[in-house]
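The values are calculated or read from the model by the stated rules, or taken from the named source; none is laboratory data. Here the structure is a predicted model, which means the values were calculated and not measured. FYI the Cβ positions are ideal-geometry reconstructions off the backbone, even for glycines, and counts take in every protein chain you see. Each accessible area value is taken on the protein alone, full model and side chains, heavy atoms only, with ligands, DNA and RNA left out. Shrake-Rupley method; radii C 1.70, N 1.55, O 1.52, S 1.80 Å.
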Amino acid sequence: MEFSPSVIGQMLFTGALMGSIYGAVAMGFSLIFGVAKIINFAHAGVVLWVMYGVLVAVRSGVAHPYVAGLVAIPLCYVIGHGVQRTLMARVSAMSDDMQIIYTFGLLLVLTYMAQFFFGPDVHFLPSSGLAVEFGGVVLQVETIIAGALALGSALALHAFLSRTWLGKAIRASADNRRGATLMGLDVVRLSRVAMALSFALAALAGTILVTVTTFYPLRGLELAVLAFVIVVLGGMDNVFASFVAGVLIGMFEALGTLLFSPSIAHMAIYAMIFAVLLVRPQGLFRRRATK
Amino acid sequence: MKSALGLSIVVFSLAAASVPFWGSGYTINLLTQIFLFGFLASAWNFMALTGLVSLGHAAFFGVGGYTAAWLYLTWGANLVLGALVGAALAMFLAFVVYWTAFRSGLRGIYFSGLTLVLAEALRFAAINTPALGRSQGLELVSLHLPPFLLYGLSVTLLVLTVAGTLWLLRSPLGYRLQAVRENEDAAEALGVHTFRVKLAATLLSAGLVAIGGALHAVLLRFVEPESDFGLSLSLNLLLGTFLGGTGTALGPPIGIAVLFGLREGIARLGELFALGSSGIYALQQVLYGAMLMLVVVALPDGLVTRARRWWIEWRRASARPGSAGFQAGAQVASMAGLEAAAPGTARATSAVPSAQLASDSPAARPRAGGASAPASAYLEVIDVSRHFRGLAALSNVSFDLRRGEILGLIGPNGAGKTTMFNAISGIFPAQIGEVRFKGERLSGLAPHQVCQRGVARTFQIVQPFAGLTVLENALIGALSRYARIAEAREAALAALVQVDLHAKRDLPAASLTLQDRKMLEFARSLATGPELILLDEVMAGLTASEQSQIADKILEIRDTGVSFLLVEHAMRAVMRLSDRIVVLDHGQVIASGLPSEIARDPGVISVYLGRSLAQTPVDRAA
Amino acid sequence: MSTTLSPILSVERLRVKYDLFEAVFDVSFEVWPGEAVCLLGSNGAGKTTSLRAILGALPIAGGRVCFLGDDTSGKSPGAMTMRGMIYVPEGRELFPSLTVLENLELGAITREARARTRASLELACELFPILAERRMQLAGTLSGGQQQMLAIARGLMGLPRLLMLDEPSLGLAPVVVEQVYAALGRIVRSGTPIILVEQHVHQALELCQRGYVLEGGRTVQQGSTAELAGSDRLRSAYLGVN
């Protein structure tokens, strides 16, 4: 195979766009870890169910994927709020290990419920076939829209967290939960908002994933591990860094796939994260935590 | 209790041995799987004993399976040999990974995440290795084994690990493992080499799981990336162990048996409704997930622990008319080695510990060191400085403590008292200067080494090993100087007698009141046979009368030849107890001397009350 | 005005249980409008525990707390803060990875306070000019004294009707303590009622009009600060000698 600049550019672009979707998944995971101190592996299960939901809506001719997404996002926001009130209400008080077990349990339930109802088969939506070319790089329209939406959501979330009072309050309670409580912030309510936002992000990620990739029930487990890996790379509770780490992982994956094979790329990613965990558990982008 | 367990193991073995005579092929196959997974969960449990949760034991399982299969296919190697080589490889891998992980202090999500990622990396490595058959895996088609061999092997391994766990739980290593699980810092302070203990448990666990992996490969006649390195195997072991009860001997196999039972039940139901294998599998996994959640919420200790608690309560309820006090009375009498220290009142038995502790010649103690050091140089703190992020927590602190002395270390909040404590006990070594005990440098030693040199400490916030009994708590301290359980138990009992906790020795530490917990901290440190005890705010949170009881106890123990360094805010107690007092402020020694001198020292008063008050004459009070 | 006739805060026979032990057995005190009151006593006397229980951050086991005429039992710290009880905690409890400005903005917790953010910011920066200089810096990178100033300023942003200050001089060098207390003096003179918990008795007595001495979880003495300054009881509470 020839590795012309345009082929490499093609892979890097596609990788970055895919990576930005991973980033969107990881941001939700990271947000809820930071604010509510919940390690929510089930996050990927929500993404999976949104994918199937959109699929059903499209297959039954009810709506275009993007329209379905527009419904799914607010719906998931509300569901997330409810989940934090019920299923997750006691989770943040548990030890790390218990949380991991609990949310992994929920992930298994969500993943295999999907398999039970939709079967183990691989699904995908037909693409529009439209593509854009510039400088020898050909990109599917869906991929570009997906990347743009993911990037947009990252910027919007970033703006929300850094510009609005509520966003700052969410960051504050992630930064110092006890301090936030003592100065009168309602940490429980902020956790609910964070969970709701995290669900909304999952809905967005699910919608755009449907439009660009194939999927199957076990995708839930894969995404969970992948999101964890990305979030570790970004430094666990740093939301925007998670997005950047997602893009990096996407490019890394694409390049590895080009040079070797998808599974070698994945092996390299896991080996890299393994090294990161051992050497810099605080993530790539942060100075050693002071405590 | 013990013999009952032994008996049930024998009964189980006999029953298991009879199955081949009447069981169908299906039964044998199912039982083989249950026993094999029971064995695997028990092996996983060895690691869980230290409180570490692994999401990636599939890594070791797969290494074992793949090694055995590959060696058999390429070299025709004996499968037993293959399993052992696999175990060795897995242990090597575990050593490298966990050594680094423990060194860098990974905990919680980072540790679990590391194990998870390890298994995933290996899974993709297997997929990418042509010699290992890529995603197809390796098939052991030509394999012919005598009937019932695998069944027999799984039964044997299961019985051996369960018996091994039972033995381990009562061994010095087992107690240390449990101490690490309950509270790593406290364990370290009581002389447990926590790093080595954790590594031992993980290596043992990894090696056994690898053997199980090899057996599984032979049972299924293939190895394959997803089933050998996949997440679901790790989750299976985790769920079985948690369901049955982590840290118990019987929990893991019982949990696995329940799981397999449910799984088969669903399979039958699924067949009834013609769901197809994919649907049935999905339902089984949904059930697993739901069980994981349920166990966390409703049954965090597991079935076995829960059942045991009911059993104890039921017995207590039925035995109530007799002795209302301590339900453990009946068990106590059966405990070996107790009679020696059991006599009724504390007064009569206090001779036992004092004889041990007061033995004046240091050479007579199990740990000799610096026997010739002059009496004046006992604990010496020489020019110790310590900075945190540019802030001086301690600067040029020097003081010494004489043999048999009670030295008070006081100062306002943030003066550096706790930092000083940590510098002595090895948690944060001094950056400049040094700490010497009996002429020997303590600086640079780990906390467990400091403890083994005769300097014990208590914690400001009491940190009992909550899941263990009072006696076991003290026992862990005693194990720092006695290799044999019987000896250690005697020393532990003596320490409990000394602090009047003897009667509560079989209660769980979690059930004690705050005062008793403080006493237990005391007893634990006494059990290490200390020559010097560092007491960190032992009075905090106690009422005046409780404080004075503790103070009496300190004086009593001092009379047996133990020295004390007190960090304390309860000023009345410090003034009463201390022979001398050292005052710290902003990381510097601002005064030292007799309590009466300190109370009049204008510098000290101005630190506490401000300059204007320091100038008004104190004697007016008299 | 009715508020001048009744205390801002009255605490009667407060009891607080903390994990296993009772840290506060019997603490009573009052704060009247415009008044600065200090709670004195050595570490472990129950001062911080009392404040946190009054704020609603710890459950009250007995006794009665009235704030602005209402019984506060069962209220959360959020609800108390909304009513104007602002707590500046021991150890500052800032948000280290947020900027100084963001920390201040978050202090404006009620709708009313948020509407007046700009004016409050000006006031805070006038009181502590260093904060204006450092406003884009992360709070975690400030020195200890600056962090304490930020914590107090953050409290003021909430337009307190009662400001509860817990050990504002903890771990600070004497020069910095002087600066912090100079600012506190201005706050008191502006008429904001204050409860001050302090180990450095000298500063506390100079700042406040009245004080209470706590020992072993009980109020053992009360009086004007002038009376307390000469009191042997106070001396023995700190130094443990009679």
**Request:** Under 1.5 on a/c is rounded, so check that first for the stretch B:394-459, then, if it is not, pick prolate when a/b is larger than b/c and oblate when it is not; a ≥ b ≥ c are the square roots of the alpha carbon gyration tensor eigenvalues.
**Result:** rounded
**Request:** Check the straight Cα-Cα distances from C:K75 and name the aspartates and glutamates below 14 Å, setting aside those fewer than 8 residues away within the same chain.
**Result:** A:D186
**Complete:** Rounded to the nearest Å, the spacing of the alpha-carbon centers of the stretch B:164-182 and the stretch A:7-21 is 52
**Message:** What would the Debye equation give as log₁₀ I(q)/I(0) for chain C at q = 0.09, 0.12, 0.17, 0.18 Å⁻¹, counting only Cα atoms as equal point scatterers?
**Reply:** -0.36, -0.66, -1.32, -1.45
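For every other residue with a beta carbon closer than 13 angstrom to the beta carbon of C:A139, add +1 if it is Lys or Arg and -1 if Asp or Glu, then tell me the sum.
Values: positive: A:K168, A:R171, C:R92, C:R134, C:R135, C:R154; negative: A:D175, C:E93, C:E102, C:E105.
Summing Lys/Arg as +1 and Asp/Glu as -1 gives +2.
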**Message:** On the Cα set of the stretch B:215-290, report Rg and Dmax in Å, please.
**Reply:** 13.7, 40
**Asked** Can you list the residues of the stretch B:103-133 that have at least 50 square angstrom less accessible area with all protein chains present than in their chain by itself, probe 1.4 Å?
**Response** B:I109, B:Y110, B:L114, B:L116, B:V117, B:F124, B:N128
**Item:** All-pairs alpha carbon distance profile, the stretch A:54-117, 5 Å steps from 0, percent
**Value:** 4, 15, 14, 19, 20, 13, 8, 4, 2, 0
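Could you order C:T48, A:T103 by accessible surface area, starting with the largest, using a probe radius of 1.4 Å?
On the way: C:T48 30, A:T103 0 Å².
Largest to smallest exposure gives the sequence C:T48, A:T103.
Between B:S135 and B:R484, what FRET efficiency follows from the Cβ-Cβ distance if R0 is 45 Å, with the result rounded to 0.05?
On the way: r = 53 Å, r/R0 = 1.17.
Given R0 = 45 Å and the Cβ-Cβ separation, E is 0.30.
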**Partners for B:K518 among lysines (Cα-Cα distance below 20 Å; same-chain residues under 8 apart left out)** = B:K417, B:K504, B:K553, C:K17
**Message:** Going 7 Å from the Cα of A:S261 along its beta-carbon direction, which residues of the stretch A:1-40 have the amide nitrogen within less than 19 Å of the resulting point?
**Reply:** A:1-2
**Request:** For A:V78 paired with C:V175, estimate the spin-label separation in nm (one decimal), with each label point 7 Å from Cα along the Cα-to-Cβ line.
**Result:** 6.1
**Request:** Working with all protein chains in place, sort B:W310, B:W70 by solvent-accessible area computed with a 1.4 Å probe, largest first.
**Result:** B:W310, B:W70
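Tell me what the protein assembly as shown gives for mean residue ellipticity at 222 nm when only DSSP H runs of n ≥ 4 count, each as -39,500 (n - 2.57), the sum divided by the residue total, rounded to 500 deg cm²/dmol.
Details: 49 runs with 673 residues, N = 1155.
After summing the helix terms and dividing by the residues of the protein assembly as shown, the value is -18500 deg cm²/dmol.
Top to bottom by accessible area (1.4 Å), largest first, where do B:K417, C:K17, C:K75 land? Present the calculation step by step, with values, prior to reporting the outcome.
On the way: B:K417 10, C:K17 115, C:K75 80 Å².
Correct descending sequence by accessible area is C:K17, C:K75, B:K417.
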**Message:** So if I take the centroid of the Cα atoms in the stretch B:389-413 and the same for the stretch B:481-544, what is the distance between those two points in Å?
**Reply:** 26
**Message:** Using protein chains only and a probe of 1.4 angstrom, how many square angstrom of A:E253 are accessible, to the nearest 10?
**Reply:** 30
**Prompt:** What distance in nm separates the simple spin-label points at A:L139 and B:E556, each placed 7 Å from Cα in the Cβ direction?
**Reply:** 7.9
**Complete:** Extension length gain for B:F95 and B:A392 (0.36 nm per residue less Cα distance), in nm, is 103.1 nm
**Mean Kyte hydropathy of -0.5 or more with a Cα span along the axis of at least 18 Å, helices from DSSP in chain C** = C:144-157, C:174-189
**Request:** Run down the aspartates and glutamates and flag those whose C-alpha is under 14 Å from the C-alpha of B:K198, throwing out any fewer than 8 positions away in its chain.
**Result:** B:E182, B:E184, B:D185, B:E188
**Fill in**
Cα extents of chain A per principal axis, largest first, Å, are 60, 46, 35
**Item:** For the stretch C:81-146, diffusion coefficient by Stokes-Einstein and Kirkwood Rh (Cα), 4 °C, 1.567 mPa s, µm²/s
**Value:** 104
**Message:** Which of rounded, prolate or oblate describes the protein assembly as shown when judged by the alpha-carbon gyration tensor and an a/c cut-off of 1.5?
**Reply:** oblate
**Fill in**
Partner shielding of C:214-223, taken as the mean number of other chain Cβ atoms within 10 Å, equals 1
**Prompt:** What is the helix-to-structure angle for B:25-48, meaning the angle in degrees between its Cα long axis and the longest Cα principal axis of chain B, kept from 0 to 90 and rounded to the nearest 10?
**Reply:** 20
**Asked** Shielding of A:246-254 by partners, i.e. mean partner chain Cβ atoms within 10 Å per residue?
**Response** 0
**Request:** Using label points projected 7 Å from each Cα along Cα→Cβ, tell me how many nm separate C:S10 and B:S8, to one decimal.
**Result:** 6.3
**Request:** Order these peptides, B:200-207, B:517-524, by their mean beta-carbon neighbour count within 10 angstrom, highest first.
**Result:** B:517-524, B:200-207
**Message:** Solvent-accessible area of B:F273, probe 1.4 Å, all protein chains present, reported in Å² to the nearest ten, please.
**Reply:** 140
**Request:** Quote the accessible area belonging to A:H81 in square angstrom, nearest 10, computed with a 1.4 Å probe and with ligands, DNA and RNA left uncounted.
**Result:** 50
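Based on the alpha-carbon gyration tensor of chain B and its eigenvalue square roots a ≥ b ≥ c, which shape applies: rounded if a/c is under 1.5, prolate if not and a/b is larger than b/c, or oblate?
Working: a/c = 2.51, a/b = 1.95, b/c = 1.29.
Here chain B falls in the prolate category.
Relative contact order for the stretch A:142-251: what percent, with Cα pairs under 8 Å and sequence separation of 6 or more? Let's see the in-between values first.
On the way: 57 pairs, mean separation 27.7, N = 110.
Relative contact order, the stretch A:142-251: 25 percent.
I'd like the mean, over residues of C:98-110, of how many other protein chain beta carbons sit within 10 Å of each residue's own Cβ. The partial results should precede the final answer.
Working: counts 7, 2, 0, 1, 8, 5, 0, 4, 11, 2, 1, 6, 1.
Mean partner shielding for this stretch: 4.
Quick one: net charge around B:E139, please, counting Lys, Arg +1 and Asp, Glu -1 for every other residue with C-beta under 12 Å from its C-beta.
Numbers: positive: B:R221; negative: B:E224.
So the surrounding residues net to 0.
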**Prompt:** In the neighborhood of C:P168, defined by Cβ-to-Cβ distances under 10 Å, what is the net charge if each Lys or Arg adds +1 and each Asp or Glu adds -1?
**Reply:** -3
**Mean separation of Cα contacts under 8 Å (6+ apart) over length of chain C, as relative contact order %** = 27
